[in-house]
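Student: Structure provided below as structure tokens; questions to follow.
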Amino acid sequence: MSIEKRLQEKAVELLSEKKVDVVVGYEAGTLPYQAAPCFIENPDDEGRLVLNPFCSVNLAKYVHDILMAHKASQKRMKPEQRTKKVVGVVARGCTTRSLVIHLQERQYERDQIFIIGVPCRGYVSKKKLAAAAGGKEITACAIINDRLSFTTPDGTKEIPLESVLAESCLSCRYNNPVISDVMVGDPAPPMKPDSEYADVDAFEAMSGEERWNYFAEEMKKCIRCYACRNTCPSCYCKVCFVEQSQPRWVGVSVDESDTQAFQIMRLFHMAGRCVDCGSCVDVCPMGVDLRKFLKKLDKDGYNLFAHRAGEKMEQQPPLSVHSMDDKDEFIYEP
Amino acid sequence: MEKKVIKKDALAGIVKKLAGQMPVYAPVQDQDNVLFKILEQGMEPMLDFGNTRNAPKNCFFPQAETMLKYFRTERGRELAGVVEGAPEAVLFGVRPCDARSFILLDYVFDDPKYKDTYYMERRRKTAIVTLACVHPPSTTCFCTSVGGHPMSSEGADIVLADLGDRYLAESLTDKGAAILKKFGDLANADDAALAKKKELSEKSEKEIKSIIPGNDIKPWLDANFDNPFWDTIHKSCLACGTCTYLCPTCHCFDITDEVKRDGGRRIRSWDSCMSWLFTQETSGHNPRTSQKERWRQRLLHKFRYFVDNYHAIACVGCGRCVQYCPVNIDIRKIVTDISKL
Ligand code: SF4
Ligand code: SF4
Ligand code: SF4
Ligand code: SF4
């Protein structure tokens, strides 16, 4: 039985036995190279669920959204009228790590989520695919094993799937779930985590001025749509500082320093909390290279605190805990 | 008005020469995107590109602009308005859907009662040169379902049509005729050219792949403000506003004061119904409490309120929101789904 079929059966079971109120998963998109997040509440709709390398965004964000909206709706109710909501979620490695972060940060309780773990071989980067198609419109797209074929007005072409996988996926260390309530499918073979910091190493070798220039150039592309922040499961502040107006921290026009201020604040807020799912990069309409900076923070988190975001429930994010033997030399010798 | 023909390989030169005389906005490659930009020395206009990433509305209605400045002086407060006279300009290579968007934007900014001087100044001085779609550039184009046509000349001052071996250039307004003169000495169009255009136009219309019932859903929208259907479209939305920022017809804006020490400026910047700050009141209350209400607003504004106010759908079928929504929320599907309810 295909993994998709098993997933659909699991969803029917969970929904009809009322173990969950909703299953968050992916459905086929309206464009040949897209799958879209979907929310299944009725067991009869289970046939919509798909699982393929076009399933890109990290679904943990939606789990948080649903549970927070539910919590808010319960506030004004008498205790005896309050209901519990359980969200089922189709989760690959990075999604489960985001769920771990939510749990560590006490966003909701473990029994409010039901994790349907799935193995992952990486997802297709829409930007890489567009580049492979030379910017021509893709009118059909199919994946057979490790090859991807696509059709443009110039004809049909076949390329290795790996050549269009997202950067995050190519060097992913946790492509299988780190926690789950049920696993659907056999574990996927490892990706190539040894190369995960190659890009950061090259960046660190540059001079301070070169690094700043690179950052400033990338930020010039940013139009501050905040898609990166909004898709990020770890960006869940109720009101982001960029949108506060009393006081106003960041201006509303297209001033470079305002964009830099937003990005710097967001990046630092991600220290120890970014799982490198690549969703922010995937949804950015302008192709801003956010990953390099996020990966640098991740590398520092590992080197200084032996911490990898969302890897284990019991290991708290480094900036939320203090221990007497924390390293601190870098504070004095940057 | 004038009907001329231009040799295939002469057009780029004409556009570049024009760019030496006045600001010419044209589609150019800018890193990964094709954008409308003012042509500068050494830049190549793209003559056969489908829809640019950004809509050309930016040229008249920029993402952020200063409306006025103010200063505190010893004599009290002083104001400086900053509507600068705009130069005569050309907006070249606009697709028919985008050209139509200017007619829709004019309804809003050039209203008999309210004239938007900022928009109007640039709009009046700019001639629009449309490049007709002899083939629809993408499968997501649905102009014919919302009142447009791939070879339409609506909104254009000049229309160019690629006949294969040459371009047919027709001026439609005085502004267009004046610019066409600047194109240089051109041969008059013969009957064969006009016949060829007609043939291409019929063919192109048949090549449109996306057909949606754009005109049929108004009665349902009028009657179903509270329908449970509205619970089904917004859930995956990231509220990024990509759909509204890239949309040639979206025109909501916000006004903010930025004050630094003894002076400040009043800025108008794009707003988006997709953002939670949209219609947020000073008290902290927002009549649109969630993304559901915001998404309903987006659809109703385009397919109901605008139709009530101006008898036109506020969507020109360019397909940008369909192609660039990061989570694939597809307005074509929503309209089709509504028509089946
Ligand atoms: S980062 Fe890892 S788990 Fe996440 S999608 Fe990529 S390969 Fe899969
Ligand atoms: S998604 Fe891209 S363009 Fe939008 S705010 Fe983030 S970095 Fe900027
Ligand atoms: S709503 Fe979408 S298809 Fe319609 S004009 Fe706007 S961007 Fe284009
Ligand atoms: S582009 Fe898509 S995700 Fe972004 S605001 Fe529009 S509908 Fe929502």
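Student: What are the pairs with Cβ atoms under 9 angstrom where one residue, in segment B:146-159, is on the phi < 0 side of the Ramachandran plot and the other, located anywhere, is part of a loop (DSSP other than H, G, I, E, B) and among the basic types (Lys, Arg)? Sequence gap at least six, or different chains.
Tutor: Matching pairs, first to second residue: B:150/B:95.
Student: What number of residues within segment B:29-48 are within 16 Å of ligand 3 (Cβ to nearest atom) and either farther than 30 Å from residue B:255 by Cα or without any contact (Cβ under 8 Å) to a residue 12 or more places away in the chain (or both)?
Tutor: Looking only at that region, the number is 0.
Student: Looking at segment B:12-27, is at least one residue over 24 Å from residue B:124 (Cβ atoms), in a helix (DSSP H, G or I) and of a type outside the set (Lys, Arg)?
Tutor: yes
Student: I need the full set of residues from segment B:323-337 which are in a helix (DSSP H, G or I), at pLDDT 95 or above and either at the interface with chain A (Cβ under 7 Å from one of its Cβ atoms) or surrounded by fewer than 22 Cβ atoms within 10 Å (Cβ to Cβ) (or both), in order please.
Tutor: Passing the criteria: B:332, B:333, B:334, B:336, B:337.
Student: Another question about this same structure. Residue A:257 is checked against (1) touching a helix residue (DSSP H, G or I) at 6+ places or on another chain (Cβ under 6 Å); (2) within 14 Å of another protein chain (Cβ to nearest Cβ) and fails just one. What number does that condition carry?
Tutor: Result: residue A:257 fails condition (1) only.
Student: Let me ask you something else. Give me the helices (runs of 4 or more DSSP H) completely within segment A:172-243, filtered to those with at least 2 residues that are over 20 Å from residue A:287 (Cα atoms), ordered by residue number.
Tutor: In segment A:172-243, A:198-204, A:208-221 are the helices (runs of 4 or more DSSP H) which contain 2 or more residues that are over 20 Å from residue A:287 (Cα atoms).
Student: Please identify the pairs in which a residue from segment A:248-266 that is on the phi < 0 side of the Ramachandran plot has its Cβ atom under 6 Å from the Cβ atom of a residue that is hydrophobic (A, V, I, L, M, F, W, C) and part of a loop (DSSP other than H, G, I, E, B), counting only partners at least 6 apart or on another chain.
Tutor: A:258/A:250; A:259/A:222; A:261/A:250; A:262/A:250
Student: Would you check which residues across segment A:281-290 are within 12 Å of ligand 1 (Cβ to nearest atom) and either free of Cβ contacts under 8 Å to residues at least 12 places away in the same chain or out of contact with any Ser or Thr (no Cβ under 6 Å at 6 or more places or on another chain) (or both) and list them?
Tutor: Correct list: A:281 only.
Student: Now, a different point. Among the candidates B:254, B:174, B:185, which residue alone is out of contact with any Asp or Glu (no Cβ under 9 Å at 6 or more places or on another chain) and surrounded by fewer than 21 Cβ atoms within 10 Å (Cβ to Cβ)?
Tutor: The match here is B:185.
Student: Among the residues of segment B:203-231, which ones are within 13 Å of chain A (Cβ to nearest Cβ) and either surrounded by 20 or more Cβ atoms within 10 Å (Cβ to Cβ) or touching a residue at least 60 places away in the same chain (Cβ under 8 Å) (or both)?
Tutor: Scanning segment B:203-231 gives B:207, B:209, B:210, B:212, B:231.
Student: Any residue in segment A:163-185 that is within 14 Å of chain B (Cβ to nearest Cβ) sitting within a Cβ distance under 8 Å of a residue that is assigned to a helix (DSSP H, G or I) and more than 16 Å from ligand 2 (Cβ to nearest atom)? List the pairs, counting only those 6 or more apart or interchain.
Tutor: A:166/A:128
Student: May I pose another question? Being of a type in the set (Ser, Thr, Tyr), crowded, with 20+ Cβ neighbours inside 10 Å and within 16 Å of ligand 1 (Cβ to nearest atom) is the filter here; which residues of segment A:174-233 pass it?
Tutor: Hits for segment A:174-233 are A:174, A:231.
Student: Exactly one of (1) within 14 Å of another protein chain (Cβ to nearest Cβ); (2) in a strand (DSSP E or B) is unmet by residue A:136. Its number?
Tutor: (2)
Okay, residues lined up against (1) closer than 20 Å to residue A:98 by Cβ; (2) over 16 Å from the mean Cα position of the chain (by Cα):
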{"residue": "A:16", "(1), (2)": "no, yes"}
{"residue": "A:43", "(1), (2)": "no, yes"}
{"residue": "A:59", "(1), (2)": "yes, no"}
{"residue": "A:68", "(1), (2)": "yes, yes"}
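Residues checked against (1) of a type in the set (Val, Ile, Thr); (2) away from chain B (no Cβ under 14 Å):
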{"position": "A:1", "(1), (2)": "no, yes"}
{"position": "A:6", "(1), (2)": "no, yes"}
{"position": "A:17", "(1), (2)": "no, yes"}
{"position": "A:22", "(1), (2)": "yes, no"}
{"position": "A:31", "(1), (2)": "no, no"}
{"position": "A:43", "(1), (2)": "no, yes"}
{"position": "A:51", "(1), (2)": "no, yes"}
{"position": "A:56", "(1), (2)": "no, no"}
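Student: Which of the residues belonging to segment A:140-157 are crowded, with 16+ Cβ neighbours inside 10 Å and over 26 Å from the mean Cα position of the chain (by Cα)?
Tutor: A:151, A:152
Student: While we're looking at this one, here's another question. For residues that are in contact with a Gly (Cβ under 9 Å, 6 or more places away or on another chain) and in contact (Cβ under 8 Å) with a residue 24 or more places away in the chain, tally how many sit in segment A:143-161.
Tutor: Residues meeting the conditions: 1.
Student: When segment B:304-333 is examined, which residues are found to be β-branched (Val, Ile, Thr) and more than 10 Å from ligand 4 (Cβ to nearest atom)?
Tutor: B:307, B:313, B:316
Student: Let me ask another. Do you know which residues across segment B:257-281 are among the β-branched types (Val, Ile, Thr), at pLDDT 90 or above and outside any loop (DSSP other than H, G, I, E, B)?
Tutor: Listed by number, the list holds a single entry, B:267.
Student: Sticking with this structure for a sec: Could you tell me whether residue A:297 is at pLDDT 90 or above, within 16 Å of ligand 2 (Cβ to nearest atom) and either within 26 Å of residue A:106 (Cβ to Cβ) or in contact with a Lys or Arg (Cβ under 7 Å, 6 or more places away or on another chain) (or both)?
Tutor: For residue A:297, the condition - at pLDDT 90 or above, within 16 Å of ligand 2 (Cβ to nearest atom) and either within 26 Å of residue A:106 (Cβ to Cβ) or in contact with a Lys or Arg (Cβ under 7 Å, 6 or more places away or on another chain) (or both) - is met.
Student: Between A:268, A:293, which is surrounded by 17 or more Cβ atoms within 10 Å (Cβ to Cβ), away from ligand 4 (no atom under 16 Å from the Cβ) and not in a loop (DSSP other than H, G, I, E, B)?
Tutor: Among A:268, A:293, only A:293 is surrounded by 17 or more Cβ atoms within 10 Å (Cβ to Cβ), away from ligand 4 (no atom under 16 Å from the Cβ) and not in a loop (DSSP other than H, G, I, E, B).
Student: If you don't mind, there's one more thing I want to ask. Being at pLDDT 90 or above and under 30 Å from residue A:289 (Cα atoms), is that true of even one residue in segment B:68-91?
Tutor: There is no residue in segment B:68-91 that is at pLDDT 90 or above and under 30 Å from residue A:289 (Cα atoms).
Student: Separate question: Scan segment B:245-269 residue by residue and report those that are at the interface with chain A (Cβ under 10 Å from one of its Cβ atoms) and touching a residue at least 60 places away in the same chain (Cβ under 8 Å).
Tutor: Once the filter is applied, which keeps residues that are at the interface with chain A (Cβ under 10 Å from one of its Cβ atoms) and touching a residue at least 60 places away in the same chain (Cβ under 8 Å), segment B:245-269 yields B:245, B:246, B:255, B:265, B:267, B:268, B:269.
Student: Follow-up question, since we're still on this one. When you go through (1) more than 14 Å from chain B (Cβ to nearest Cβ); (2) outside any helix (DSSP H, G or I) one by one for residue A:13, which number turns out not to apply?
Tutor: Going through (1) more than 14 Å from chain B (Cβ to nearest Cβ); (2) outside any helix (DSSP H, G or I) one by one, residue A:13 breaks only (2).
The values are calculated or read from the model by the stated rules, or taken from the named source; none is laboratory data. Everything numeric here is computed off the predicted structure, so don't read it as measured data. Positions of Cβ are backbone-derived with ideal geometry, glycine not excepted, and every protein chain shown enters the neighbour counts.
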